[in-house]
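Everything on this sheet refers to the single structure shown next.
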Amino acid sequence: MKVEDLIIIGSGPAGYTAAIYASRANLAPLMVEGFQSGGLLMLTSDVENYPGFPEGIMGPDLMAAFRKQAERFGTRYIQKDVTRVDFSSYPLKVFIDKEELQAKTVILSTGASTKWLDLESERRLLGKGVSSCATCDGAFFKGAKLIIVGGGDSAMEEATFLTKFASFVTVVHRRDSLRASKIMVERATKNPKISFIWDSEVAEILGDNTVTGVKLRNLKTKAEQTVACEGVFVAIGHEPNTGFLKGQVPLDEKGYIVLPKRPTTATEVKGVFAAGDVQDVIYRQAITAAASGCQAAIDAERFLETLH
């Protein structure tokens, strides 16, 4: 069986940047992109803070450019999901269902996924007025009244973006102040089409075949109120995509990959490195993910040099 020099698991800014650097170093990396390639930027509207794009760029367009650049230098792609890995022996083993791949080094860049409210009504009405992606679904809600759940940067970005379509947007937040950055808070609070309901959670999303409203519960007084709306956008954060790695690399209590040899991207497992949101509990930005992808590729290249 062929043993690859490098397998990159997961795409997005971290994986694609790792692929660019690794392929330019003649490592001919094999990337298992996943069925949903490109990471969370595929669900992002205007990316205004990525250097080099003064007018902004759509998230999917940015990821398409990353991918094309990696491909130009020789990266090979498999558009499937890795189902399990076996890092207990060397070379390292990566499985796509029953297909086994082997590698001298692996970069884990599987990113993070949207957190949901975990309500039966949310699951039932998903795609029928419930969404986690303003870019994907905002245009369906022209003139509508919408609810956004969350208090961070992504919630403020979604709320602001949705005012392009909606008649009014109400932000529901569990606390009495926002966690978002100052510029995002300022942008949202100054927008006449955005209002806020504090100290509250969504107890239920109302409607049979389409969203008609939400039942909110005040976390301090326990009082409930019903707010009419035609759509609910959930923006309460993310969790790392590391379910398939349990028992293979050390994870923290939230499931993020632990990197004990910082500032390198090396895990505790020989030849295994991690980059992007899958190991980043602090920054979680496209630029920091890309930077750590660069680091991981250089770390993997240097590790391979020690094998000769």
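Miscellaneous remarks
- Listed by first and then second residue, the pairs linking a residue in the range 189-208 that is under 14 Å from A228 (Cα atoms) to a residue that is modelled with pLDDT under 95 and in a strand (DSSP E or B), with Cβ atoms under 7 Å apart and 6 or more places separating them unless they lie on different chains, are I205/V130.
- The one condition in (1) of a type in the set (A, V, I, L, M); (2) surrounded by fewer than 21 Cβ atoms within 10 Å (Cβ to Cβ); (3) within 22 Å of the chain's Cα centre (by Cα) that L41 fails to fulfil: (2)
- Boolean, S121 is closer than 30 Å to K246 by Cα and polar (S, T, N, Q): no
- In the range 122-158, residue surrounded by the most Cβ atoms within 10 Å (Cβ to Cβ) [restricted to those that are among the aliphatic types (A, V, I, L, M) and free of Cβ contacts under 8 Å to residues at least 40 places away in the same chain]: M156
- Residue in the range 63-80 that is touching an Asp or Glu at 6+ places or on another chain (Cβ under 9 Å) and assigned to a loop (DSSP other than H, G, I, E, B) present: yes
- Residue check for T221: without any contact (Cβ under 8 Å) to a residue 24 or more places away in the chain, over 20 Å from D299 (Cα atoms), part of a strand (DSSP E or B) and not basic (K, R): no
- Some residue of the range 162-177 being at pLDDT below 95, assigned by TED's automatic domain parsing to the domain that holds K220, over 20 Å from S121 (Cα atoms) and in a helix (DSSP H, G or I): no
- If you go through the range 192-234 and keep only what is in contact with a helix residue (DSSP H, G or I) (Cβ under 6 Å, 6 or more places away or on another chain) and of a type outside the set (D, E, K, R), you end up with I194, I205, G231, F233.
- Taking the criterion of being surrounded by 14 or more Cβ atoms within 10 Å (Cβ to Cβ), part of a strand (DSSP E or B) and touching a residue at least 12 places away in the same chain (Cβ under 8 Å), the residues of the range 87-106 that qualify are L92, V94, F95, I96, L101, Q102, A103, K104, T105, V106.
- Within the range 227-251, the only residue that satisfies the criterion of being loosely packed, with under 13 Cβ neighbours inside 10 Å, outside any loop (DSSP other than H, G, I, E, B) and without any contact (Cβ under 8 Å) to a residue 24 or more places away in the chain is G243.
- Whichever residue in the range 159-169 is more than 21 Å from the chain's Cα centre (by Cα) and crowded, with 21+ Cβ neighbours inside 10 Å and, among such residues, is farthest from S195 (Cα to Cα): A166
- Count - residues of the range 280-296 that are without any contact (Cβ under 8 Å) to a residue 40 or more places away in the chain, in a loop (DSSP other than H, G, I, E, B) and not acidic (D, E): 3
The values are calculated or read from the model by the stated rules, or taken from the named source; none is laboratory data. Bear in mind the structure is a predicted one, so any value in this text is a computation, not a measurement. All Cβ positions, even for glycine, are placed from backbone atoms using ideal geometry, and neighbour counts span all protein chains on display.
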